[in-house]
Structure formats: structure tokens, C-alpha cells
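Below you'll find the structure, written out as C-alpha cells, and then a few comments.
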């Protein structure tokens, strides 16, 4: 990773955090207007779905099929989450699945950095200065590298970052009655504070969901399900389910497991925007549970 890339990642972490502190100080003991909160929710949900439905389930795991225009829309939305270009994001995540919680995992809290607070810090943000974007694109994401549209969206990542800040600024200016102050408060909440929350919810899947939580399937990693993160992560925190069945388009496998991204995929399927959606049958889940209940077999002698 070059010094410029390291500094850009540092800025992507620090600037939204400072904006969050400014928002707390400026609006302490005051009500935040519904317009700014609505803009923040709008700017959170769209790019978040770009990550969860697009970057993760659609591109990384090919859990469904769709048309190129739909793919490009989700690639653009995910880019506005400010988590790196789509090709780099997918390559890193496929590398994570290839080496989960073992040497080579770009952001495990259990490998090379201890399993305590130091490991959690690395998995949450520390990896951004050492490992992000280092997975070989042609090795881990050749399908995206060969797609001219995806290459264009990846190359123009910074333009989408700028768009993700311009949209709340313009919406705030218009909805606050063509007020520059309104535009700036909307930029603060719908731009930088929104990025802060979206970053740390996503990064919690790397850290919290490999450290705390519950497990019910047999997997060769430390992945966990963390229910209290489910709504904010749009279903991504059913992370143990995901590692048990990586290609599943739905990660909330029980009715009680809220998976907003899975519901969005289901709605898209009903209107014909996606098809060949991968789902895990109850019988296959039951078999996986039965396998987990079996006593571990002794390893054969070398």
C-alpha cells in the first residue's frame, strides 16, 4: 500500500469521526431537525444496500443473477459508502473467505495480532493501513476485472465519494428552503456522520462478528451471529450463518433473524430484477446442524 493510499484511508477514518464529534458538540441538548435525519437515513440505506446486496452478496458470492444495469447501479451505490473501490472490496472479501481466521485473512482478530483488544482493533480499522486493497485483483476478482463497466466504476471511486457528499448538500439546500446553513447541516449529518456510522457498522462485521456472539453450525472459523447489529447492518451480522452457507442470498435463516438485505433481494426477485437466487433449504440447514452435533473425528496419523 502506498503512502498516499494509507493517508487516504486515514482520512476516511478520521474525518467522519471528527464530523461526528462536531455534530455531538454543536447539537448537544438540542433537537436535530427531521429533514437532516431523513437525509441521513436516505444516504445511509442506499449506499448500505450497495454494500450488502451489491458488493457482498451480488458480486463477491454471486448469490443471484441480474442484468448489467442493475449490477452497475449497485456498484455505484456501494462506492458511495466510501469503503473502497468495488474491485478492491470484492477481492479483499473473497480473500477473507479463502483464509478465514487463518494466516492470509486480511482482517481477522485472531491471526498475527493477538485475540484481545489489539486483535479487535486490527480487525475493525487497523487492517485498513496494512491490508486493504492488497488482495490480487486478477486472482480474487477476475470476473470484475474483465468487466469494463466495473473497471470504470472502480477507477472513478473518488467521484462517487464526492457524489455521496454532494447529494445531501443539495438536498439540504433545497429542503431547508434554499438555505446554505441547511445545506451544511445536511452535509454534516447526511454526509460525514452517515459515513461514520456506516463505516463502523460494516467494520463491526469484521471484528465483533468474529469475536462475540453465538454459533450453531460447524465452521472452520470464529464467525458469530450478533443479533443486536442485525437492523443497522441490514442483516449482515448473521455472519456465522453466512460463513456456514457463503453463497446464500439470505443470511437471516430463521424467521426471528431480521435480514433487510435478504428482504430487498426477495422483492427484487418478485419484480424480475434478479433471478436464480441462492437459498438454503431447511433440510440442508438441518443436515449442517446434525453434522455439528456429531463428535469430532480423530485425525489420521501422519
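Here are some notes:
- Residue match in region 34-50 (condition: over 12 Å from the mean Cα position of the chain (by Cα) and within 18 Å of residue 248 (Cα to Cα)): no
- Hey, residue 176 within 22 Å of residue 125 (Cα to Cα) and out of contact with any strand residue (DSSP E or B) (no Cβ under 6 Å at 6 or more places or on another chain) or not: no
- Cross-chain or 6+ apart pairs with Cβ under 7 Å, region 111-122 first and modelled with pLDDT under 85, then in a loop (DSSP other than H, G, I, E, B): 111/101; 111/102; 111/103; 111/105; 115/109
- Every listed requirement among (1) assigned to a helix (DSSP H, G or I); (2) touching a helix residue (DSSP H, G or I) at 6+ places or on another chain (Cβ under 6 Å); (3) surrounded by fewer than 20 Cβ atoms within 10 Å (Cβ to Cβ) is met by residue 209 save one, (3).
- Exactly one residue among 223, 233 is crowded, with 24+ Cβ neighbours inside 10 Å and either at pLDDT 95 or above or within 23 Å of residue 291 (Cβ to Cβ) (or both), and that residue is 233.
- When we screen 250, 274 for residues that are touching a strand residue (DSSP E or B) at 6+ places or on another chain (Cβ under 6 Å) and modelled with pLDDT of 95 or more, the only hit is 274.
- Under the condition of being without any contact (Cβ under 8 Å) to a residue 24 or more places away in the chain and within 22 Å of residue 204 (Cβ to Cβ), the residues counted in region 126-148 number 1.
- Test: residue in region 273-280 that is touching a helix residue (DSSP H, G or I) at 6+ places or on another chain (Cβ under 6 Å) and either part of a loop (DSSP other than H, G, I, E, B) or closer than 25 Å to residue 95 by Cβ (or both): yes
- Residue selected from region 31-63 under the condition touching a residue at least 40 places away in the same chain (Cβ under 8 Å) and under 19 Å from residue 162 (Cβ atoms), by the criterion surrounded by the fewest Cβ atoms within 10 Å (Cβ to Cβ): 42
- Residue, modelled with the lowest pLDDT, within region 126-153, restricted to residues that are assigned to a loop (DSSP other than H, G, I, E, B) and crowded, with 22+ Cβ neighbours inside 10 Å: 135
- Complete set of residues in region 255-282 that are exposed (fewer than 15 other Cβ atoms within 10 Å of the Cβ) and over 18 Å from the mean Cα position of the chain (by Cα): 255, 256, 267, 270, 271, 272, 275, 276, 281, 282
The values are calculated or read from the model by the stated rules, or taken from the named source; none is laboratory data. The model shown is predicted, which means the values in this text are computed figures rather than measured ones. Quick reminder, even Gly has a Cβ in these numbers, built from the backbone with ideal geometry, and neighbours come from all protein chains shown.
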